[in-house]
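Right, one structure below, let's go through it.
The values are calculated or read from the model by the stated rules, or taken from the named source; none is laboratory data. Owing to the predicted nature of the structure, the values given are computational and were not obtained by experimental measurement. As a convention, Cβ positions derive from the backbone with ideal geometry for all residues, glycine included, and neighbour counts pool all protein chains shown. Remember, those area values only see protein heavy atoms, side chains included, never the ligands or the DNA or RNA. Shrake-Rupley method; radii C 1.70, N 1.55, O 1.52, S 1.80 Å.
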Amino acid sequence: MRIAIIAHDGKKPEMVAFLLKNKERLNNVELFATGTTGGHVANAGLNVTKFLSGPIGGDAQIAAMAATHDLDMVIFFRDPLDKHPHEPDVQMLMRICDVHNIPIATNPATAELLLKGTDKLG
């Protein structure tokens with residue numbers, strides 16, 4: 001299982017807490033992340049492959065993985081109450097996930113449901 005993780009700045013602590021809470025479920029999962037999110041996750045002791053920061057191409061790198069079916073899921077904790085200068089990149093990533101039928105969770109409740117669904121696969 002390959003999961004991409006992304007979090008807007010205000011959601012990075014929430015992402016780390018979510019991943020730590022689900023650490024056992026993630027034992028056999030390859031994590032990929034945009035640069036800054038990946039740094040936070042790595043600092044928490046989890047193994048993660050880091051790409052560029054989202055605004056400078058990381059969102060596009062993850063979208064390319066989704067387009068080539070090199071991802072099984074995307075967890076992207078978005079901050080809907082803040083402005084993001086790279087919003088077109090975010091929309092592109094979400095569109096690519098929709099086009100290629102890659103599940104994408106944009107909040108912890110949905111991410112939890114997706115991870116619970118993977119319990120049945122293993």
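Summing -39500 (n - 2.57) over the DSSP H runs of n ≥ 4 in the chain and dividing by its residue number, what mean residue ellipticity at 222 nm do you reach, to the nearest 500 deg cm²/dmol? Helices in the chain give a 222 nm mean residue ellipticity of -13500 deg cm²/dmol. Between ALA109, ALA17, ALA60, the residue with the greatest mean-square fluctuation in the GNM of the chain (Cα pairs under 10 Å linked by springs) is ALA109.
Simple point charges give the picture: +1 on the Cβ of Lys and Arg, -1 on the Cβ of Asp and Glu, and for region 14-60 a dipole about the Cα centre of about 120 debye. Taking the chain as the region of interest, the number of lysine pairs whose Cα atoms are within less than 20 Å, with members eight or more places apart or on different chains, is 13. Taking ILE96, ILE56, ILE75 in turn, the Gaussian network model of the chain (Cα-Cα springs below 10 Å) assigns the largest fluctuation to ILE56.
Residues in region 110-118 carry Karplus couplings, in order, of 5, 4, 4, 4, 5, 5, 4, x, 6 Hz; the curve used is 6.51 cos²θ - 1.76 cosθ + 1.60 with θ = phi - 60°, and Gly or Pro positions show x. Taking a ≥ b ≥ c as the square roots of the Cα gyration tensor eigenvalues, with a/c under 1.5 meaning rounded and otherwise prolate when a/b beats b/c, else oblate, which class fits the chain? In terms of gyration-tensor shape, rounded.
Along the positive direction of the dipole of the chain (beta-carbon charges: Lys, Arg +1; Asp, Glu -1; about the Cα centre), which of HIS40, PHE76, PRO103 reaches farthest? Highest projection toward the positive end goes to HIS40. Largest mean-square fluctuation among ASP82, ASP72, ASP59, in a Gaussian network model of the chain whose springs join Cα atoms under 10 Å apart, belongs to ASP82. By its C-alpha gyration tensor, with a ≥ b ≥ c as the square roots of the eigenvalues, how is region 44-97 shaped: rounded for a/c under 1.5, else prolate for a/b larger than b/c, else oblate? Note, shape of region 44-97 comes out oblate.
Simple point charges give the picture: +1 on the Cβ of Lys and Arg, -1 on the Cβ of Asp and Glu, and for the chain a dipole about the Cα centre of about 240 debye. Using the 1.4 Å probe convention, the accessible area of the chain works out to 53 Å² per residue with neighbouring protein chains retained.
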